[in-house]
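The values are calculated or read from the model by the stated rules, or taken from the named source; none is laboratory data. These numbers come from a predicted model, not from an experiment. Note that each Cβ is placed from the backbone with ideal geometry, even for glycine, and that neighbours are counted across all protein chains shown.
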Ligand code: SF4
């Protein structure tokens, strides 16, 4: 029988359990004893969660003021679709003609949401442009969106992230624009540092493109670089994955996010699994162990964690950061104690009630549906925020 390091603990956000115990005044030993007794959680996983929760605590304290909120903007377009993708992303080749009307709808949504938050006296904390791949928009379109965000949500944002997941979408023009507009964190996601794997998973870029994109990010002085890697991609083993890790570590990004392959219902993989040869669970667990060791040797510390259904070998996804360089948005998004207003395609708003329960409002993944339903979603978001304010007195 396979060991079950997470015991019977299910759910995407196991750290929320630990935060609740910390709030109730549990010591480390009391929390460990509780998690072992109630969930069969192994000590190694508990220690990881405890370390993460202590690192997250100051950010949760700073961001838990109900007047603060973060903004997530979903740009649901990518150059092509990765084989594992279940994100709300449309291939530009297929649906590029919807890009212009999407941007116009998004600008209206940003403006209307800004009027609402201003009327409620709320202040922006962090801003995150994700998707999809925001950098596959034209520079002029990105500039209009960011300028609209700055006008709608004035103030000094604590962090401003843009995902540039596909390195082949990063140009000098894009990076200099993002840098001039105050972006201070950017994600360039290799997933693997092997050309053969990149081709097998449906990405239309090479390892050289990744290195070129990183050098542009550095040249234009963007403060924090994140790079994502995935354990368990087709044809990979521990030796190949370690090479990818070493190559990424040599680029010294401030953040590294370690994902583990998890087959999603809406992905191409789920439709044709026989086409891909994934490493077995024991090999994936070995890759994970090797990665954790290398990250520790290079002084990266875990700062957020989440799990997914069907994740390979029952593992977990972990965000690592050089000391003091944690992504604030990732922490508040995972721990769900801070309002997040999700604008654009496939985004979710999370409105936090005073008792820490949530109201989730998801925008449609389909771009056409999003454009049709945006006004109705604005009304729902407004009602929910006003209700929460009333409850808070
Ligand atoms: S880059 Fe991300 S959002 Fe785009 S297709 Fe790949 S997994 Fe999906």
Condition (residue is in the same structural domain as residue 126 (by TED's automatic domain parsing), in a strand (DSSP E or B) and within 15 Å of the ligand (Cβ to nearest atom)) applied to the stretch 81-90: is it met by at least one residue? yes
What are the residues in the stretch 285-312 that are within 15 Å of residue 9 (Cα to Cα) and in contact with a helix residue (DSSP H, G or I) (Cβ under 7 Å, 6 or more places away or on another chain), if any? 305, 306
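Which one of these is out of contact with any helix residue (DSSP H, G or I) (no Cβ under 9 Å at 6 or more places or on another chain) and on the phi < 0 side of the Ramachandran plot: 363, 357?
357
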By residue number, the members of the stretch 67-78 that are buried (at least 18 other Cβ atoms within 10 Å of the Cβ) and in a loop (DSSP other than H, G, I, E, B) are 76
Would you pick out the residues in the stretch 167-177 that are under 12 Å from residue 188 (Cβ atoms) and either surrounded by 24 or more Cβ atoms within 10 Å (Cβ to Cβ) or without any contact (Cβ under 8 Å) to a residue 60 or more places away in the chain (or both)? 167, 170, 174, 175
Tally the residues that are surrounded by fewer than 20 Cβ atoms within 10 Å (Cβ to Cβ), closer than 22 Å to residue 239 by Cα and touching a residue at least 60 places away in the same chain (Cβ under 8 Å), restricting the search to the stretch 203-219. 0
Looking only at the stretch 310-319, decide whether some residue is within 19 Å of residue 129 (Cα to Cα) and in the same structural domain as residue 227 (by TED's automatic domain parsing). yes
Select from the stretch 119-139 the residues that are assigned to a helix (DSSP H, G or I) and touching a residue at least 12 places away in the same chain (Cβ under 8 Å) and list them in ascending order. 134, 135, 136, 139
The stretch 41-64 - residue that is modelled with pLDDT of 95 or more and part of a loop (DSSP other than H, G, I, E, B) and, of those, surrounded by the most Cβ atoms within 10 Å (Cβ to Cβ): 41
Evaluate the following for residue 207: is it assigned by TED's automatic domain parsing to the domain that holds residue 165 and touching a helix residue (DSSP H, G or I) at 6+ places or on another chain (Cβ under 7 Å)? yes
Here is a list of conditions, (1) within 10 Å of the ligand (Cβ to nearest atom); (2) at pLDDT below 95; (3) crowded, with 16+ Cβ neighbours inside 10 Å, and residue 130 meets all of them except one; can you say which number that is? (2)
Consider residue 106 against the criteria (1) within 14 Å of the ligand (Cβ to nearest atom); (2) buried (at least 17 other Cβ atoms within 10 Å of the Cβ): it satisfies all of them except one. Which criterion is unmet? (1)
Considering 84, 125, which residue is in contact with a helix residue (DSSP H, G or I) (Cβ under 6 Å, 6 or more places away or on another chain) and within 21 Å of residue 157 (Cβ to Cβ)? 125
Among (1) surrounded by 13 or more Cβ atoms within 10 Å (Cβ to Cβ); (2) at pLDDT below 95; (3) farther than 22 Å from residue 199 by Cβ - the single one residue 264 does not satisfy: (3)
Residue check, residue 21 against (1) without any contact (Cβ under 8 Å) to a residue 24 or more places away in the chain; (2) under 25 Å from residue 331 (Cα atoms); (3) surrounded by fewer than 18 Cβ atoms within 10 Å (Cβ to Cβ), all met but one. Which one? (3)
Test for residue 110: is it in a helix (DSSP H, G or I) and in contact (Cβ under 8 Å) with a residue 24 or more places away in the chain: yes
Single residue of 311, 331, 340 found to be crowded, with 23+ Cβ neighbours inside 10 Å, touching a strand residue (DSSP E or B) at 6+ places or on another chain (Cβ under 7 Å), in contact (Cβ under 8 Å) with a residue 12 or more places away in the chain and over 23 Å from residue 380 (Cα atoms): 331
